[in-house]
1. Please go through the range 429-443 and give me each residue that is out of contact with any helix residue (DSSP H, G or I) (no Cβ under 7 Å at 6 or more places or on another chain) and either more than 11 Å from Val303 (Cβ to Cβ) or surrounded by fewer than 23 Cβ atoms within 10 Å (Cβ to Cβ) (or both), ordered by number.
2. How many residues, within the range 447-463, are open to solvent by 10 Å² or more (accessible area, probe 1.4 Å) and in a loop (DSSP other than H, G, I, E, B)?
3. Restricting attention to the range 367-379, and to residues there that are assigned to a helix (DSSP H, G or I) and not charged (D, E, K, R), which single residue is most open to solvent (accessible area, probe 1.4 Å)?
4. Regarding the range 439-446, can at least one residue be identified that is touching a Gly at 6+ places or on another chain (Cβ under 9 Å) and of a type in the set (Val, Ile, Thr)?
5. For the condition in contact (Cβ under 8 Å) with a residue 40 or more places away in the chain and over 30 Å from Pro369 (Cα atoms), what is the one hit in Pro614, Pro600, Pro562, Pro551?
6. Quick check on this structure: which one of Pro350, Pro369 is more than 23 Å from Met150 (Cβ to Cβ) and out of contact with any strand residue (DSSP E or B) (no Cβ under 6 Å at 6 or more places or on another chain)?
7. Examine the range 586-593 for a residue that is touching a helix residue (DSSP H, G or I) at 6+ places or on another chain (Cβ under 9 Å) and surrounded by 18 or more Cβ atoms within 10 Å (Cβ to Cβ), and state whether such a residue exists.
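The values are calculated or read from the model by the stated rules, or taken from the named source; none is laboratory data. Remember, predicted model here, so these are calculated numbers, not experimental data. Here the Cβ positions follow ideal geometry from the backbone for every residue, glycine too, while neighbour counts run over all protein chains shown. We work out accessible area using only protein heavy atoms, side chains counted, and drop any ligands, DNA or RNA first. Shrake-Rupley method; radii C 1.70, N 1.55, O 1.52, S 1.80 Å.
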Amino acid sequence: MNKQSSIESLQQEGQSFQPPQEGRGQAYIKSMEEYERAYARAAEDPEGFWADRAKELITWDAPWDKVLQYDYNKPEINWFKGGKLNVAANCLDRHLTDGRRNKAAIIWQGEPEDEVKVYTYQMLHTEVCRFANVLKSMGVKKGDRVAVYMPMIPELAVALLACARIGATHSVVFAGFSAHSLQNRIQDCQAKVLVTADAVIRAGRTIPLKPNADEALKGCPSVEQVAVVRRAGNDVTMVEGRDHWWHELMAGESISDKCAYEVMDSEDPLFILYTSGSTGKPKGVVHTQGGYLTYAAHSTQWVFDVKDDDVYWCTADIGWITGHSYILYGPLALGATSFMFEGVPSYPGPDRFWKLVQKFKVNIFYTAPTVIRALMREGEEWPAKYDLSSLRVLGSVGEPINPEAWLWYHKHIGGGRLPVLDTWWQTETGGIMISALPYATPLKPGSATRGLPGVHAAIVDSEGKDVGPNQGGHLVIKKPWPGMLRGVFGDPERFKKNYFERFKGMYESGDGARTDDDGYFWIMGRLDDVLNVSGHRLGTAEIESALVSHPAVAEAAVVGMPHAVKGETIYAYVSLRTGIDPSDELRKELKGHVRKEIGPIAAPEFIQFADGLPKTRSGKIMRRVLRKIAAGSTSMEDFGDTSTLADPTVISDLIEGKLALV
Ligand code: WTA
């Protein structure tokens, strides 16, 4: 593969970048020696290491009974069990008395340039207490689920912290998902309340959101009440007795600014976040209180080296885990200033991000490779127009960052001097697992470098045995860490099977990787049937079942096709039912169908109609062949062993179809 060969060529050249000297003296981790010391300490005495971090970073209402108790066979994982805390109190209340009361907690930039809101810790505390009381007035109690389907507006942060305050479990559904996806997720977690908005403002357009919520709720009897934020002012239908305007609820005379927080056990659930797996419907990854918050705060502090007067900007959407951990919980637990942006990188022009960096003097900037690649195409003259000298640390997450994009980011955004951190992690890990530390780790473009202290990342073969350097294998994590998922909501079997069954005593990430001679990790991507499109995780099985639910479709197979900006794009092979003719209209209709079933991000870019799919004699679709065809292979030698195919002649038909399409 191209990507791989360019990584190798860079590695062979031995291109590496030393961490900056400037700022090193004030860094949390100042050198590789300090990193190695922390790593060794965490390896020898993980409980002592994490207990120290949990005490240093978190305010506990009562101490824990035991730091760690776990059994991967069950599986069951407990961190700081018996310890009492409240996550919202850690993110807000304690900063009211530690000198940060009037510090900006969230600086929000709306998509329109002139819409800016600043929430000090005090202001955010007040809003959160009020909305916590609103939720209580709606009958939400500790342990109840609250679904959240919102654009990137401050009320989203308020809603999540209000849930945390009263011990309700939030479940955020990214606003780009369809009504049908929202419905599935609400049905799965049986949410009692939904918080949503009239619309999403995106690239200058108003995209109605409330109609999706209405559509979804037709099949969600568990939802009793809905709070609706007025963002765009578009017309919406409000259902009497069920739907309420956020601003009216918040202005309610009986709604007080005071709301005592619920004292939670460290292992009570904090949130559910749905993510795609290789089979079936999305799974509700469950994170809990004490371990998650410790890990979010710890990783934010060490990886981004966030200081009190920094402006820290993570460009993710709170609808994904990156936004949960690195816009909300990590930074606020530290008392940092988190910058939150409603818009997109390309609107009104491809300089929007850099304009905002200059406007707010952003110090730490964390984004995704797909954004870098898209902006790179627009040319370096866009960032060159701005003063980016406030920047100190740059980060990347979501997919492998190819060395070309890394080097562009380093040169044109980082002025050739700033560390670019490639951070590897997952919804399930709760926080960053493999990453450089900005003032310690020498960088190699394309490598996420080393595991953080306390993270025992390793590469194993299909039997679970360690493999040496320069050999690909399964990326696993050998010991528990506080931020790890605690379950798949309502599905303990799936929890076990997905993560702990294949390799005894290890967490299976589903990613492939290798290490080099320096022990640096090079992530190669998913080993299962999960796609990564612009950093969004999508299961091929989900997209296939969406396609097959259309009456014209008999069978579908979905694969990822390499894409210069998105990393991967969706390529679908579709067999139609007898008597149905392929056409461009049908192609369009099928794309629209997937958009409606899952959301725009899941719509295939290419649909190839095929009379037959390459199946083994036992009826299994040989996906590797389909992946190769989509990627442009035309020679039989590229396909490997095809002797088990029931009908090898389908391959040449498929190649022909591919060449006719793209
Ligand atoms: C991929 C996002 C290479 C990986 C935080 C993982 C990466 C999946 C990187 C998780 C990276 C994330 N290098 N691949 N730095 N970061 N991935 O759950 O395949 O949305 O398994 O979490 O994204 O995606 P998720």
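1. We begin by selecting, within the range 429-443, every residue out of contact with any helix residue (DSSP H, G or I) (no Cβ under 7 Å at 6 or more places or on another chain); these are 429, 433-434, 436, 438, 442-443.
Result: Thr429, Pro442, Leu443.
2. So in the range 447-463, the residues open to solvent by 10 Å² or more (accessible area, probe 1.4 Å) come out as 450, 456-458, 461-463.
Okay, now just the ones that are also in a loop (DSSP other than H, G, I, E, B), so 450, 456, 461-463.
Qualifying residue count, the range 447-463: 5.
3. First, the residues of the range 367-379 that are assigned to a helix (DSSP H, G or I): 369-378.
Okay, now just the ones that are also not charged (D, E, K, R), so 369-372, 374-376.
Working: Pro369: 0, Thr370: 17, Val371: 24, Ile372: 1, Ala374: 37, Leu375: 10, Met376: 60 Å².
Looking at residues that are assigned to a helix (DSSP H, G or I) and not charged (D, E, K, R), I get Met376.
4. Checked the range 439-446: no residue is touching a Gly at 6+ places or on another chain (Cβ under 9 Å) and of a type in the set (Val, Ile, Thr).
5. Values: Pro600 fails: over 30 Å from Pro369 (Cα atoms); Pro562 fails: over 30 Å from Pro369 (Cα atoms); Pro551 fails: in contact (Cβ under 8 Å) with a residue 40 or more places away in the chain.
Checking each option against the conditions leaves just Pro614.
6. Values: Pro369 fails: out of contact with any strand residue (DSSP E or B) (no Cβ under 6 Å at 6 or more places or on another chain).
Testing whether each residue is more than 23 Å from Met150 (Cβ to Cβ) and out of contact with any strand residue (DSSP E or B) (no Cβ under 6 Å at 6 or more places or on another chain) leaves just Pro350.
7. Quick first cut of the range 586-593, residues touching a helix residue (DSSP H, G or I) at 6+ places or on another chain (Cβ under 9 Å) only: 590, 593.
Add one more test, that the residue is surrounded by 18 or more Cβ atoms within 10 Å (Cβ to Cβ), and what stays is 590, 593.
There is at least one residue in the range 586-593 that is touching a helix residue (DSSP H, G or I) at 6+ places or on another chain (Cβ under 9 Å) and surrounded by 18 or more Cβ atoms within 10 Å (Cβ to Cβ).
The rows are residues; the columns are (1) part of a strand (DSSP E or B); (2) more than 13 Å from the ligand (Cβ to nearest atom); (3) closer than 30 Å to Phe271 by Cβ.
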site	(1), (2), (3)
Phe365	yes, yes, yes
Trp382	no, yes, no
Tyr386	no, yes, no
Ser390	no, yes, no
Ile401	no, no, yes
His412	no, yes, no
Gly415	no, yes, no
Asp422	yes, no, yes
Thr441	no, yes, no
